[in-house]
Amino acid sequence: MKDLTNKRLLVFGGITLIFLLIFSRLYYQSRNNILLTLLMLTPMVSVLLTRLLTKEGFGKLFIKPKIKGNIKWYLAAYFLTPFIAYSGAALFFVLNPSQMDPLNSKFAAEAGISTLSEYYRLLLTAIPLAIIINPIMGLLGCFGEEFAWRGYLLPKLCEKTSVPKAVLLNGVIWGLWHAPVIAAGFNYGASNIALGAAAMIVLCVVLGTIESFLFFKTKSIWASVFFHAAVNGIDLWAPSALFMSKEANMFIGPDLIGAAGGIGFIVSALICFAAIYNNQAKFKP
């Protein structure tokens, strides 16, 4: 059984790597964000091909929503996630008040705002709409990733090692998968590729721990999909674009990919990991 799991992991990894190299190369040449959306779907395609090639079949896909008893997790994944993100931004601006310059922000400039009253009135209208609408725009791509990373790879890793180790390894692999795109300057810029790749691995371990927790709790990938889409949706209304006139340090904040901006997710991940570690029998696929 373990040899068969190893074979399937190798096949999945090989196919995923081929897709990654092709699409990251195309993205590096064109910087077309549509390619990133297509790349997000390739892990799902890799799973389907792996199941077909290794004659695994198509059982235990974890795509059936388990609503009964789990509605709180679905709602939290979708609606609580932006508040966790902005808690980190709030901390950043408390520690760096001089960085806050809303009237000269990208958001204010694009809206043609000249007074604080106009700014906050528009912000109070835009943010609730963004919380509801933005994640919907990314559901397909996030489904493609979660179908593979949490719905396929994580259960396989749980067959090979303890659940806590599987969760951490899952996050590291997910982070490494992003490395070619990070090397192209995505998220952290192109001035320090190695640090950017390392930061992305840490971020993926953090977010992946929360997503694994949601997956284990609901026995379905959908809460993880909602969380993932909500996280990605924040990019459309990033704190740096809303509140800053200067270019943000992406390694620090206020955006969630930075250490201070992501503090809410770091704390949440530690709580989730502690729950998984202390109740391993309950946290299994």
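The values are calculated or read from the model by the stated rules, or taken from the named source; none is laboratory data. These numbers were taken from a predicted model, which means no experiment stands behind them. Using ideal geometry, Cβ is built from the backbone for each residue, glycine included, and neighbour counts are taken over all protein chains shown.
Please work out if LEU53 is closer than 30 Å to LEU10 by Cα, surrounded by 15 or more Cβ atoms within 10 Å (Cβ to Cβ) and not aromatic (Phe, Trp, Tyr). So LEU53 does not fit the description; no. If only residues of the range 216-238 that are of a type in the set (Val, Ile, Thr) and in contact with a Phe, Trp or Tyr (Cβ under 7 Å, 6 or more places away or on another chain) are counted, the one that is surrounded by the most Cβ atoms within 10 Å (Cβ to Cβ) is VAL225.
Residues checked against (1) out of contact with any helix residue (DSSP H, G or I) (no Cβ under 7 Å at 6 or more places or on another chain); (2) within 19 Å of SER220 (Cβ to Cβ); (3) among the β-branched types (Val, Ile, Thr):
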site: ARG25; (1), (2), (3): yes, no, no
site: SER30; (1), (2), (3): yes, no, no
site: THR37; (1), (2), (3): no, no, yes
site: LEU48; (1), (2), (3): yes, yes, no
site: LEU61; (1), (2), (3): no, yes, no
site: LEU75; (1), (2), (3): yes, yes, no
site: TYR78; (1), (2), (3): no, yes, no
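Would you mind telling me which numbered condition in (1) in a loop (DSSP other than H, G, I, E, B); (2) of a type in the set (Phe, Trp, Tyr); (3) in contact with a strand residue (DSSP E or B) (Cβ under 9 Å, 6 or more places away or on another chain) PHE62 fails? The one condition PHE62 does not meet is (3).
Output the residue which, of all residues in the range 56-81 that are of a type in the set (Val, Ile, Thr) and at pLDDT 95 or above, is surrounded by the most Cβ atoms within 10 Å (Cβ to Cβ). Selected residue: THR81. Just so you know, in the range 109-119 the residues that are surrounded by 11 or more Cβ atoms within 10 Å (Cβ to Cβ) and in contact (Cβ under 8 Å) with a residue 12 or more places away in the chain include one that is nearest to the chain's Cα centre (by Cα), and it is TYR119. Consider LEU26 carefully, then state whether it is within 18 Å of GLY208 (Cα to Cα) and either without any contact (Cβ under 8 Å) to a residue 12 or more places away in the chain or loosely packed, with under 12 Cβ neighbours inside 10 Å (or both). The answer is no for LEU26.
Considering the range 163-214 alone, what residues qualify as being of a type in the set (Phe, Trp, Tyr) and in a loop (DSSP other than H, G, I, E, B)? Residues satisfying the conditions are PHE186, TYR188.
In this structure, TYR27 does not qualify as assigned to a helix (DSSP H, G or I), out of contact with any Leu (no Cβ under 9 Å at 6 or more places or on another chain) and either polar (S, T, N, Q) or closer than 23 Å to HIS228 by Cα (or both).
Looking at VAL94, VAL163, just one residue is more than 17 Å from the chain's Cα centre (by Cα), of a type in the set (A, V, I, L, M), crowded, with 17+ Cβ neighbours inside 10 Å and modelled with pLDDT of 95 or more, and that residue is VAL163.
Here GLN280 meets the list (1) within 16 Å of the chain's Cα centre (by Cα); (2) more than 19 Å from ILE173 (Cα to Cα); (3) touching a residue at least 24 places away in the same chain (Cβ under 8 Å) almost entirely, failing just condition (1).
For the range 245-285, a tally of residues being of a type in the set (A, V, I, L, M), in contact with a Ser or Thr (Cβ under 6 Å, 6 or more places away or on another chain) and not in a helix (DSSP H, G or I) returns 1. Consider the range 120-151 and keep the residues that are among the small types (Gly, Ala, Ser) and part of a helix (DSSP H, G or I). The one that is surrounded by the fewest Cβ atoms within 10 Å (Cβ to Cβ) is ALA126.
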